[in-house]
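Enquirer: My structure is below; once you've seen it, I'll send some questions.
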Amino acid sequence: MTWLITGGAGYIGAHVARALVASGERAVALDDVSGGVPERLPAEVPLVRGSVLDGPLVARTLAGHRVSGVIHLAAKKQVAESVAQPLRYYEENLHGLTTLLRTVVEAGVRRFVFSSSAAVYGMPDVDLVTEHTPTVPMNPYGETKLAGEWLVRATGRAHGVNTACLRYFNVAGAAAPELADTGVSNIVPMFFDALTRGEAPQIFGDDYPTPDGTCVRDYIHVRDLAEAHVAAARAMAAGGGTAEGSDLTLNVGTGTGVSVREMATLVAEVTGLREPAPRVAPRRPGDPARVVASAERIRTELGWSPRFGVREMVASAWEGWLLRHPEAGTRRSE
Ligand code: WQD
């Protein structure tokens, strides 16, 4: 069968495209190339340039490529930007989803995978976040992801579409240097960026109620995340014993917490850039102390479990960083 991957030229989308093709599925990407890089896509995956907000284009793409399932990743994804521009986030993330789902239903497509986020949980006050942990998003980005899940599930039930909502935890790493994240808005590239400029990486707060005082997160290798999409797609394609209109809402994390300080140490080890040493800065508003997934449900439902650890994430991300910032390699002190 053929899958439409919206946001397919993005960092995560291109990894999903690559994993789907490697598993023997066909795929077509839809991407407005606002953040995506067409060259990331494997040769087997054609790119349709355009937006999910363009219903007629989506309809032509579904029909023209005989698409029978959609993996929807096209969205805005920066928390701070969503606070400053909520209208833009609701427009692109929710109006985009509404337009896409309407077209999907009209085209008779019966499988839909939605890219959700641990941001739906907000500030979870639990050791391990399960899918039953209350969803209390703390910013417009997380709100659009939670409302998106509601819309996906309701549409699935009403129109007999099998749906999956995958709640990504903290994604890092790359399957190949040219597939690496080009953004500098998450901890790993932000640490690389500081060190490349000869500045101290900043630790946002060391007075949290965690073992070393810094925030703890569940980092997931983008290759594992891509495989989770393949597993979800496969389960849906096989029927998976699921009735039409059923939904799988799943955390995609590892169950292992890594602190910011541990990440700083790992980045220094992997890059060889030990100077300048990290500097403790004030807390960043809105950061929860600890967000670590329970990955039990996805293991049970899809037989998926992560293969890569945080060192492989940092090492592969660093190779991608060096490709675009070769000057960083010359700073090594060892
Ligand atoms: C991780 C930890 C920072 C940079 C965000 C979104 C989430 C998802 C992923 C999705 C935090 C600390 C960071 C730095 C630091 N978005 N940090 N110094 O905030 O957990 O999750 O990205 O699509 O919805 O909220 O990720 O990588 O920004 O931060 O100390 O220079 O690293 O305070 O504790 P976060 P992050």
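Enquirer: Can you tell me which residues in segment 232-262 are more than 23 Å from Ala147 (Cα to Cα) and buried (at least 19 other Cβ atoms within 10 Å of the Cβ)?
Expert: Within segment 232-262, Ala235, Thr254, Gly257, Val258, Ser259, Val260, Arg261 qualify.
Enquirer: I need the full set of residues from segment 138-174 which are within 19 Å of the chain's Cα centre (by Cα), assigned to a strand (DSSP E or B), away from the ligand (no atom under 16 Å from the Cβ) and not small (Gly, Ala, Ser), in order please.
Expert: Answer for segment 138-174, where residues must be within 19 Å of the chain's Cα centre (by Cα), assigned to a strand (DSSP E or B), away from the ligand (no atom under 16 Å from the Cβ) and not small (Gly, Ala, Ser): just Thr163.
Enquirer: Quick check on Thr271: is it over 30 Å from Pro134 (Cβ atoms), free of Cβ contacts under 8 Å to residues at least 40 places away in the same chain and within 16 Å of the ligand (Cβ to nearest atom)?
Expert: It is false that Thr271 is over 30 Å from Pro134 (Cβ atoms), free of Cβ contacts under 8 Å to residues at least 40 places away in the same chain and within 16 Å of the ligand (Cβ to nearest atom).
Enquirer: Just to be sure I understand the filter: pairs with C-beta atoms under 6 Å, separated by 6 or more residues or on different chains, first member in segment 284-308 and without any contact (Cβ under 8 Å) to a residue 12 or more places away in the chain, second member not charged (D, E, K, R). Which pairs pass?
Expert: Between residues of segment 284-308 that are without any contact (Cβ under 8 Å) to a residue 12 or more places away in the chain and residues that are not charged (D, E, K, R), the close pairs are Arg299/Ser305.
Enquirer: Residues being over 16 Å from Val292 (Cα atoms), charged (D, E, K, R) and assigned to a strand (DSSP E or B): count how many of those fall in segment 197-251.
Expert: 1
Enquirer: Of all residues in segment 274-289, count the ones that are within 23 Å of Met313 (Cα to Cα), open to solvent by less than 70 Å² (accessible area, probe 1.4 Å) and more than 8 Å from the ligand (Cβ to nearest atom).
Expert: Summing the residues that are within 23 Å of Met313 (Cα to Cα), open to solvent by less than 70 Å² (accessible area, probe 1.4 Å) and more than 8 Å from the ligand (Cβ to nearest atom) in segment 274-289 gives 4.
Enquirer: Which numbered condition in (1) within 22 Å of the chain's Cα centre (by Cα); (2) at pLDDT below 95 is the only one that Gly245 fails?
Expert: (1)
Enquirer: Look at Val152 and say whether it is out of contact with any Lys or Arg (no Cβ under 8 Å at 6 or more places or on another chain), open to solvent by less than 20 Å² (accessible area, probe 1.4 Å) and of a type in the set (Val, Ile, Thr).
Expert: For Val152, the condition - out of contact with any Lys or Arg (no Cβ under 8 Å at 6 or more places or on another chain), open to solvent by less than 20 Å² (accessible area, probe 1.4 Å) and of a type in the set (Val, Ile, Thr) - is met.
Enquirer: Output the helices (runs of 4 or more DSSP H) that fall wholly within segment 1-96 and possess 2 or more residues being open to solvent by 30 Å² or more (accessible area, probe 1.4 Å), in the same structural domain as Ser116 (by the TED database) and closer than 23 Å to Val161 by Cα, or say none.
Expert: Qualifying helices (runs of 4 or more DSSP H): 55-64.
Enquirer: Step by step: first the residues of segment 290-327, then only those that are farther than 23 Å from Arg223 by Cα and surrounded by fewer than 17 Cβ atoms within 10 Å (Cβ to Cβ), then the one that is nearest to the ligand (Cβ to nearest atom). Which residue is that?
Expert: Glu327
Enquirer: Only residues that are within 16 Å of the ligand (Cβ to nearest atom), in contact with a Ser or Thr (Cβ under 8 Å, 6 or more places away or on another chain) and of a type outside the set (Lys, Arg): list them for segment 59-79, please.
Expert: If the condition is that a residue be within 16 Å of the ligand (Cβ to nearest atom), in contact with a Ser or Thr (Cβ under 8 Å, 6 or more places away or on another chain) and of a type outside the set (Lys, Arg), then Ile71, His72, Leu73, Ala74, Ala75, Gln78 are the ones that fit.
Enquirer: I'm checking my understanding of the structure. Among residues of segment 175-205 that are open to solvent by less than 30 Å² (accessible area, probe 1.4 Å) and among the aromatic types (Phe, Trp, Tyr), which one is nearest to the ligand (Cβ to nearest atom)?
Expert: Filtering first and then ranking leaves Phe191.
Enquirer: While we're on this one: Among the candidates Thr265, Thr330, single out the residue that is part of a helix (DSSP H, G or I), surrounded by fewer than 16 Cβ atoms within 10 Å (Cβ to Cβ), polar (S, T, N, Q) and away from the ligand (no atom under 16 Å from the Cβ).
Expert: Thr330
Enquirer: Could you check, for segment 182-189, whether at least one of its residues is free of Cβ contacts under 8 Å to residues at least 12 places away in the same chain and either in contact with an Asp or Glu (Cβ under 8 Å, 6 or more places away or on another chain) or in a helix (DSSP H, G or I) (or both)?
Expert: yes
The values are calculated or read from the model by the stated rules, or taken from the named source; none is laboratory data. What you see is a predicted model; the values in this text were computed from it and never measured. Neighbour counts run over all protein chains shown; Cβ positions are idealised from the backbone, glycine included. For accessibility, only protein heavy atoms count, side chains too; no ligands or nucleic acids. Shrake-Rupley method; radii C 1.70, N 1.55, O 1.52, S 1.80 Å.
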